[in-house]
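Reviewing the structure listed below.
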Amino acid sequence: MSNLFSNETQQQLFDEWTKGYGIIEHTPQTIDSVRAYLGQHNSHNTVASPLRPEEVLHLLKAADRVCNAGMWLVAHMTYANKVATNGERLAAQDFKAKAQGHTGGSLNMAIGYTGYLLANALSGRTRSWIMGQGHCVAAIESLNTILANQYPEKAEVYPPNESGFNRLCEDFYRYDLDADNNLVSQVGSHVNAATAGGIIEGGYLGFAALQYAHMPLPGQELVAFLSDGAFEEQRGSDWAPRWWRAEDTGIVVPVMVANGRRIDQRTMIAQEGGPGYLEQHLALHDFDPWVIDGKDPAAYAMAIIMASTTLANRAREVADNKASYPCRMPYIIAHVPKGYGLPQAGTNAAHSLPLGGSIRDDKQGQEAFYRATETLFVPPEALEKSTTTLNNHATTHRVKEQDHALRCFDKLTLHYPPAHYAHPGKEASSLSQMDKWFTEFMKGNTEVRFRLGNPDEIQSNRMSEALTYLKHRVVAPEDTDSESTIGGVITVLNEETAISAALANKQGVNLVVSYEAFAMKMLGAMRQEAIFSRNLQLANRQPNWTSVPVIATSHTWENGKNEQSHQDPKFAENWLCEMADTAPVYFPVDANSALAVLKHTYQTYGRIAVIVAAKKPLPTVIPATDADQAVKDGMFIMEAAGDAMVQLIAIGGYQLQATLQAAQQLRQNAISCTVIALLEPGKFRAPRDTHEADYCHSDERLQALLPQCKVQVVVSHTGADVIAGVLRRLDLGPQRSAFMGYKNHGGTLNLEGLQHVNSQTPDDIAKKAKQMLGNLH
């Protein structure tokens with residue numbers, strides 16, 4: 001008997017585990033890592049499990065069986081409408097007429113997710129998880145079903161038995177709608193709001209790798225599953241050690257499932273030399289790469305536990321002045337053939353449907369399916385015993401994985417400083433006004449983790465006070481007045497990385513400030529988050545994160561000098577197409593309305609608000625006493641006429657100034673005008689569902705807010721066609737309504753030139769109003 005064990009029972013359990021189970025085999029490297037782990041347990045090392053050695057060994061054996069069962073169920077979800085828990089072969093008609101699934105990656109992830117579950121069970125600690133490859137959701141759904149790790153409404157539909165497994169298979173890629181046009185299935189093609197423990201969809205690849213270093217708070221731990229295919233996506237995934245600080249962030253463990261293939265071909269990592277190439281690349285970027293056997297859940301579990309401890313120890317060395325940032329962050333590379341567990345593993349065919357589009361009429365395909373799944377099959381009694389063992393939440397006093405810390409957190413209790421509004425008539429910068437208030441906001445909430453996403457130019461964008469207080473986060477400060485190793489301003493000339501730092505910090509408070517034109521690069525990250533947030537709300541699972549304002553400044557109408565690349569309002573145009581209740585777009589017209597919008601946004605939850613604001617000073621036009629109500633209404637009547645012939649609606653600060661001048665011209669010609677500043681066009685749109693209808697103005701409210709008129713001219717920061725669609729409810733018809741917007745004309749121009757080439761001068765607006773009136777006669 002080995003000196004590692006105190007009795008024959010422990011030795012026997014260890015020997016049984018080393019033999020593997022089903023498709024799971026244990027390499028000498030993994031066996032040695034388990035030996036080392038058990039040895040630390042016997043020496044009372046801090047890495048050790050709180051469990052007795054027998055319990056550890058039972059968990060290792062249970063994980064092998066649960067992992068096999070999860071892979072077995074993944075294969076059935078792709079190809080079959082039902083399972084046979086007695087081990088019998090399915091009949092031909094039990095197979096789907098059209099198979100669907102990202103099967104290869106899901107089979108790989110079933111091993112990784114089991115390893116994560118095992119690490120939690122061994123250490124008596126439920127870590128959080130995210131999965132960048134959201135299309136591998138079948139792995140999560142299969143194991144969550146087997147382990148009864150489900151939200152209540154889903155647990156009723158998918159219990160851990162043959163009936164529940166059958167329904168899971170039926171509902172995978174089921175497109176049926178109920179009478180209210182809601183999906184019947186609660187199982188998506190990617191992680192969604194119904195996926196127990198899911199916090200990002202992972203459909204837009206690459207963003208999990210940009211977010212994980214900013215997610216957990218101190219005392220929390222996060223395992224981030226990444227993919228070698230997504231490694232080719234947005235820049236910034238290799239900068240995580242530059243951002244991570246133990247002072248304000250919990251332990252993170254990046255885990256790459258390196259299966260070597262994308263959809264069409266080998267990944268660039270594989271083409272460049274595989275794990276060896278990746279190890280060199282990661283080491284150059286302050287990671288500590290660890291290659292493990294991605295075919296074994298125990299290899300994952302041992303690596304996750306050791307990586308957590310290693311990073312914590314290295315952070316402690318920094319705190320003791322024995323080392324400096326960046327910490328060498330352990331990075332697990334789980335090498336595994338794509339689709340391991342079914343035929344065609346390691347080939348292009350493994351990505352989606354390794355056995356073809358359907359095997360219902362394919363005897364050879366059926367035989368291949370039978371052989372593979374028979375290897376993976378776990379008898380019900382053995383599976384039940386294993387799931388009971390792995391589900392040790394009660395005995396280790398921890399929450400289930402569906403309730404991990406990054407999914408279940410409370411809303412922040414924030415202290416809001418008073419808003420010091422500018423006096424009407426005074427010229428003031430909207431950005432400077434927001435900068436002052438935001439800085440006071442941070443000072444009044446020192447216990448909160450603040451992040452300011454800055455794709456460069458924060459000072460030219462008039463946020464200097466916030467920068468002085470929060471400081472750029474750097475490894476080695478050059479200027480201690482604006483830089484710090486623990487600064488909260490994530491400055492990088494990469495919009496995706498900057499927005500991801502803010503979107504990841506859901507337990508804190510965030511702000512992003514960008515040039516309008518280049519904010520376009522943020523839309524993918526923003527849209528994925530907004531969709532997930534909204535779907536949580538529709539599922540009555542409220543997102544508790546404080547809404548994130550994204551300020552688009554140095555914008556189209558104040559960037560004439562910088563050629564047409566800098567003159568692009570499409571960021572706001574695109575965001576206007578999203579659902580207004582979750583993705584509001586604001587066009588403040590002065591410093592007071594800008595400040596009121598920012599303050600209002602921080603009093604809401606689960607929204608990503610775009611604020612298109614001028615950094616250059618503009619006249620203050622909305623009184624302090626009216627600013628908050630103007631934001632709630634989404635509009636403010638600047639100048640009213642009892643029986644106005646013309647209604648001029650301005651969307652944007654420069655548009656309002658031109659419109660006010662045009663109104664003066666019209667009045668000099670005895671044409672009565674009402675001038676309206678429309679701060680939030682989405683409030684006035686035709687709602688697209690009941691949830692948005694609750695947010696948008698009702699017909700009655702519209703009539704109360706907007707006075708009647710003969711003709712209407714809308715002058716917009718955006719393109720005319722987009723805003724005409726959004727404001728369809730206000731449209732009086734082509735004879736009585738005109739829309740004037742950015743016409744994609746520009747160059748190296750001043751403001752007046754830019755207005756001229758886009759037909760937005762005061763003369764153009766007045767001329768259009770007169771023309772519309774003339775059309776009525």
Taking 0.36 nm per residue of separation and subtracting the Cα-Cα distance, what length does fully extending Arg35 through Glu317 add? 98.8 nm
Ordering of 411-421, 69-79, 250-260 by packing [mean C-beta count within 10 Å, highest first]: 69-79, 250-260, 411-421
In degrees, nearest ten, helix 363-376 long axis to first principal axis of the chain (Cα): 70
Karplus ³J(HN,Hα) for the range 98-106 (6.51 cos²θ - 1.76 cosθ + 1.60, θ = phi - 60°; Hz, whole; x = Gly/Pro) runs 9, 6, 8, x, 9, 5, x, x, 5
Taking the range 241-336 as the region of interest, what is the percent of Cα-Cα pairs per 10 angstrom bin, listed from the shortest bin to the one with the maximum distance? 16, 43, 30, 11, 1
Extension gain, Glu232 back to Gln708 (0.36 nm per residue minus Cα-Cα distance, nm): 165.9 nm
Footprinting proxy, His423, His335: sorted fewest to most Cβ within 10 Å, the residues are His423, His335
Using R₀ = 30 Å, calculate the FRET efficiency as 1/(1 + (r/R₀)^6) where r is the Cβ-Cβ separation of Ile486 and Leu284; round to 0.05. 0.80
Strictly greater than 36 Å: what percent of every Cα pair in the range 51-403 meets that? 18
Per DSSP helix of 4 or more residues, -39500 (n - 2.57); summed, then divided by the residues of the chain. What does that give at 222 nm, rounded to the nearest 500? -12000 deg cm²/dmol
Using every Cα-Cα pair within the chain, state what percent have a distance larger than 49 Å. 26
Share, in percent, of DSSP beta bridges within the range 634-775 that are antiparallel, nearest 5: 20
Relative exposure of Glu680, Glu457, judged by other C-beta atoms within 10 Å (fewest first): Glu457, Glu680
What is the ratio of the Cα radius of gyration of the range 634-775 to 2.2 N^0.38 Å, where N is its residue count, to two decimals? 1.03
By how many degrees, between 0 and 90 and to the nearest 10, does the Cα long axis of helix 523-538 differ from the longest principal axis of the chain? 80
So, R0 is 60 Å and r is the distance between the beta-carbons of Thr625 and Glu8; what FRET efficiency does that work out to, to 0.05? 0.10
Which residue, Ile486, Val474, Trp437, has the largest displacement toward the positive end of the dipole of the range 415-521 when charges sit on each Cβ (Lys, Arg +1; Asp, Glu -1)? Trp437
Share of Cα-Cα pairs in the range 427-619 beyond 29 Å, whole percent, is 17
If you place +1 on the Cβ of every Lys and Arg, -1 on the Cβ of every Asp and Glu, and leave all else neutral, what size is the dipole of the chain about its Cα centre, to the nearest 20 Debye? 680
Between the helical axis of 137-146 and the dominant principal axis of the chain, each derived from Cα atoms, what acute angle in degrees is found, rounded to the nearest 10? 50
First measure r as the distance between the Cβ atoms of Leu493 and Arg174, then evaluate 1/(1 + (r/R0)^6) with R0 = 45 Å and state the FRET efficiency to the nearest 0.05. 0.50
Count, lysine Cα pairs under 22 Å in the range 51-403, 8 or more residues apart or across chains: 13
Once amide H atoms are placed 1.01 Å from N in the peptide plane, what residues at a sequence separation of 5 or more from Val513, or on another chain, have their amide H within under 5 Å of its amide H? Gly453, Ile551
Order by protection proxy (mean Cβ within 10 Å, highest first), peptides 584-597, 217-230: 584-597, 217-230
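Computed from the coordinates by the stated procedures, all read-outs in this text should not be read as laboratory data. All figures in this text were calculated on a predicted structure; none of them were measured in a lab. Methodologically, a virtual Cβ is constructed for each residue, glycine included, from the backbone with ideal geometry; neighbour enumeration extends over all protein chains shown.
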